[in-house]
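Q: One structure coming up, written as structure tokens, with questions to follow.
The values are calculated or read from the model by the stated rules, or taken from the named source; none is laboratory data. The shown structure was predicted, so the numbers you read here are calculated from the model rather than taken from an experiment. Positions of Cβ are backbone-derived with ideal geometry, glycine not excepted, and every protein chain shown enters the neighbour counts.
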Amino acid sequence: MLSYGLMATLLAGDGDHGLHCKHFLLICSYIAILTVFSIYNGIIGLGLVFTYFPHAHTRAEGFSRRSILKRIDFIGGALSITGLTLL
């Protein structure tokens, strides 16, 4: 977290140079929330890395490249990408 000297510098402002106490506490609470979320996501990520071993799905097994390419909706993919790009 922040050192006491930095906190005192931020709180004790002369004129427009210091943060108001309300804004300082808001920033500190955002930092605390982000820290908690980061730790939580790190723990969950490590849990997934060490415990999740999915089976290989071979949906294309038995199909040739040509038959797989015939099943792809290229127009729908292009429209979807264009819509997301314009959004």
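Q: Quick one: D14 ticks every box in (1) at pLDDT below 90; (2) part of a helix (DSSP H, G or I) bar one, so which box is it?
A: (2)
Q: State which residue pairs qualify: first residue surrounded by 10 or more Cβ atoms within 10 Å (Cβ to Cβ) and inside the range 68-81, second residue not in a helix (DSSP H, G or I) in any location, beta carbons under 7 Å apart, and separation of 6 or more residues or different chains.
A: Here the result reads I68/A60, each pair linking the range 68-81 to a residue that is not in a helix (DSSP H, G or I).
Q: Checking the structure you have, find out if any residue of the range 46-55 is out of contact with any Ser or Thr (no Cβ under 8 Å at 6 or more places or on another chain), surrounded by 10 or more Cβ atoms within 10 Å (Cβ to Cβ) and modelled with pLDDT of 90 or more. Please lay out each step first, then the result.
A: We begin by selecting, within the range 46-55, every residue out of contact with any Ser or Thr (no Cβ under 8 Å at 6 or more places or on another chain); these are 46-55.
Checking which are surrounded by 10 or more Cβ atoms within 10 Å (Cβ to Cβ) leaves us with 46-47.
Applying the additional criterion that residues be modelled with pLDDT of 90 or more yields 46-47.
The answer is yes, given that some residue of the range 46-55 is out of contact with any Ser or Thr (no Cβ under 8 Å at 6 or more places or on another chain), surrounded by 10 or more Cβ atoms within 10 Å (Cβ to Cβ) and modelled with pLDDT of 90 or more.
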